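What follows is one structure encoded as structure tokens, with my remarks underneath.
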Amino acid sequence: MASIFTKILNKEIDGHVITETERFFAILDKFPTQPGHTLVIPKEETDYIFDLDDDTYQKLWQEVRRVARAIERVTGVQKVGIKVEGLEIRHVHVHLIPINKAADFNGTVSVPEEEQARMRDRIANELH
């Protein structure tokens with residue numbers, strides 16, 4: 001069965017897709033820790049990040065850096081934190097969380113749908 005991420009990519013369910021390449025895509029997190037909280041996801045549905053083949057693993061981190069730099073420019077934050085957990089959704093995904101202080105890395109914030117759409121467009125424009 002396709003993961004929720006694959007369903008978003010295939011437009012079976014709604015989601016804010018920021019960018020898509022041949023092997024990866026990035027979406028805004030539906031339950032963000034901060035505005036601009038983004039997930040970078042391989043298209044290949046692999047459960048555990050360390051099960052990715054070497055090439056995909058290396059290319060994933062290149063894509064993570066590319067998207068993180070765009071988030072930095074759009075949000076103006078000091079850093080973009082990274083989190084990889086993979087327990088709830090069994091499809092590798094890297095969280096990119098805009099942060100200015102340690103507390104920004106935890107919890108969730110309510111981001112109105114219109115703001116999510118604006119953030120998606122701003123990050124996407126920064127990538128292109």
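Against the condition in contact (Cβ under 8 Å) with a residue 12 or more places away in the chain and buried (at least 20 other Cβ atoms within 10 Å of the Cβ), how does Ile27 come out, does it pass? Yes: the conditions hold for Ile27.
Residue by residue, here is whether (1) closer than 23 Å to Glu22 by Cβ; (2) loosely packed, with under 13 Cβ neighbours inside 10 Å; (3) in contact (Cβ under 8 Å) with a residue 40 or more places away in the chain holds:
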residue: Val64; (1), (2), (3): yes, no, no
residue: Val74; (1), (2), (3): no, no, yes
residue: Lys79; (1), (2), (3): no, no, no
residue: Glu88; (1), (2), (3): no, yes, no
residue: Val94; (1), (2), (3): yes, no, yes
residue: Val111; (1), (2), (3): no, no, yes
residue: Glu114; (1), (2), (3): no, yes, no
residue: Met119; (1), (2), (3): no, no, yes
residue: Arg122; (1), (2), (3): no, no, yes
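In the stretch 1-13, which residue that is without any contact (Cβ under 8 Å) to a residue 40 or more places away in the chain and part of a loop (DSSP other than H, G, I, E, B) is farthest from Val67 (Cα to Cα)?
Just the residues of the stretch 1-13 that are without any contact (Cβ under 8 Å) to a residue 40 or more places away in the chain, to begin with: 1, 7-13.
The next check asks that each one be part of a loop (DSSP other than H, G, I, E, B); those that pass are 1, 10-13.
Working: Met1: 28, Asn10: 21, Lys11: 21, Glu12: 24, Ile13: 23 Å.
Of everything passing the filter in the stretch 1-13, Met1 is farthest from Val67 (Cα to Cα).
Coordinate-derived values only; no laboratory data. Given the structure is predicted, the values throughout are model-derived calculations rather than measurements. When we count neighbours, we look across all protein chains shown, and the Cβ atoms used for this are built from the backbone with ideal geometry, even at glycine.
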